[in-house]
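The values are calculated or read from the model by the stated rules, or taken from the named source; none is laboratory data. Keep in mind that what you see is a predicted model, and the values were worked out from it rather than measured. Positions of Cβ are backbone-derived with ideal geometry, glycine not excepted, and every protein chain shown enters the neighbour counts.
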Amino acid sequence: MTEYLAGVDVGTTGARCMIFDLHGNPVARHYCDYGAIYPRPGWVEQQPELLIDRTIEACRSAIGRSGIDPRRIASIGFSAQRSVTCPVDAAGCAVRPMFSWQDARTSQEVEDLRQVVAAEQYYEQNGLPLGTTWIVTKILWMRKHEPDLLAKTARFVQNQDLVLRAFGADDFYTDLCCAVFYGVWDVRRADWNHPLLDRLDLSPAMFGRPTPPGTQVGTVSPAVAEQTGFATGTPLCVGAGDQNCSVLGMGAIEPGLATVTLGTAGLAILATDRPLPGFGGMMITHHAAPGLWEVEGLSNAAAASLRWYRDAIGTSEKQIEAAGGRDAYEQLDALAATAAPGSRGLLYLPYLAAAATPRWNPHARAAFVGLSFAHGRAEMTRAVMEGVVLEIRDIFEQWTAAGLSVRSLRIGGGATRSNLWNQIQADVYGRPVETLRVGESAVLGAAILGGVAVGAFSSQADGVAAMVHVADRVEPDPQRHQCYEELYRAYVQTYEGLSGNGAFDALARIQSAS
């Protein structure tokens, strides 16, 4: 009898495998880190072979730790970072490192694309504002700068496509949610934007095959079984992009339910029953649940801001951890808790990887503003946590301006391990937030989709009811909320000042020249 489901998430900085029972209880898990390559400022690349190797390692370790017979695992569902560009040859091998979604080298290609299609028309059809994140801009960049590699390229595929193929799928399958990120997909019709493809001399055959989430596309072969620890014949199931899986794993499968996930990136997502016209720099994508869409706001460097801070400034905490002491993040969390809300007027702009929603400014850069002799590491640490949440607050403004209502808000991602960060979110948003029993919601959502694919659940709603459980409800403090409203106004004014006077542009030019 099959009693377990596996979820695999191939994220931006590492791969995670978790085994769940059919009630959503984690049985075992393992995480393997891999990171990225930064050849130049604004350039972010990853090695696909390394990602696949680390994914296999995560699976093998999780199954080994579980102590269960792998034949009792009904399916493997996948989640992956989105808008990754991997050019592959006719044999399916990568011809160069993958372009990360964080890679911002294509600002000129965005301008070139603007000459082909008006920004408003592009947004209306594709559900995406013109920006450097989308795969089509990387293709245009390769045409200009790497024609020899482009000549070897047969297809442009995404992260989940690669891993499914490596695990035994017979083709490169792109989950329907991630088809949007090719940048040539009509999100309202759920089909390719053929007029734009023609104008760019591209064709659907150059991309992965769009496939609904929760579709079985193969089984584990004996060779892959030996590498991963899964049983031969275990079904391989298309999941969704990490954030689409995360929304499902947080139970937001009805219109008006919203989620905020602070992982490497930050995502604020609201489920809707219609493909809204583009507004305020929001992304309009397919929901993992049939018949729904997502209104998404993106922060490029959310929890990654604290990771950077730990590595660049929290060196003493890292040394203590390396010597067998307390986890560095826990130390920084305790340090930040000693600072007052608002960090004594210290503001952090979290644009380490440029500004996404609603600013979409590839030249924006991170900054501490308001530093004085009165500030120490406690205030700086708290300011980073607050600045990340202020950028999400900036996204919420777009929902309000569009007249959208939020019935409930759930939060997830690695940041929810911090009670302080959870409270900061409630206080900045000025509304209650709910945390989930399983914080790794992308992996849980992938497992649910795998369960639906093999009939363990009759529907996604059935899977959510069985496996998604609220852990806590955090109420906002009215006084702290007022403090953060003032800080938010300073945040907006600071961004507008640095953007309007050309400071961001000047800094970007200096970085590019170095």
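Things worth noting here:
Each row is one residue, and each column tells you yes or no for (1) farther than 30 Å from Ile63 by Cα; (2) surrounded by 22 or more Cβ atoms within 10 Å (Cβ to Cβ); (3) in contact (Cβ under 8 Å) with a residue 60 or more places away in the chain; (4) β-branched (Val, Ile, Thr).
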residue	(1), (2), (3), (4)
Ala231	no, no, yes, no
Thr234	no, yes, yes, yes
Val238	no, yes, yes, yes
Asp242	no, yes, yes, no
Ala252	no, yes, yes, no
Ala265	no, yes, yes, no
Leu276	yes, no, yes, no
Ser299	yes, yes, yes, no
Ile320	yes, no, no, yes
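- Complete set of residues in the range 63-85 that are among the aliphatic types (A, V, I, L, M) and closer than 21 Å to Gly263 by Cα: Ala80, Val84
- Identity of the residue in the range 7-46, surrounded by 17 or more Cβ atoms within 10 Å (Cβ to Cβ) and in contact with a Pro (Cβ under 9 Å, 6 or more places away or on another chain), that ends up farthest from Asp161 (Cα to Cα): Gly42
- Spans of helices (runs of 4 or more DSSP H) in the range 438-514 with at least 3 residues farther than 30 Å from Gly249 by Cα and without any contact (Cβ under 8 Å) to a residue 12 or more places away in the chain: 478-500, 503-513
- Some residue of the range 167-190 being under 30 Å from Ala74 (Cα atoms), charged (D, E, K, R), out of contact with any Pro (no Cβ under 8 Å at 6 or more places or on another chain) and not in a loop (DSSP other than H, G, I, E, B): no
- The sole residue among Ala303, Ala323 that is among the hydrophobic types (A, V, I, L, M, F, W, C) and within 23 Å of the chain's Cα centre (by Cα) is Ala303.
- Residues of the range 388-431 satisfying the condition of being under 19 Å from Thr272 (Cα atoms) and free of Cβ contacts under 8 Å to residues at least 60 places away in the same chain: Thr400, Gly403
- Taking the criterion of being part of a loop (DSSP other than H, G, I, E, B), in contact with a helix residue (DSSP H, G or I) (Cβ under 8 Å, 6 or more places away or on another chain) and modelled with pLDDT of 95 or more, the residues of the range 246-288 that qualify are Met250, Gly251, Ile253, His287, Ala288.
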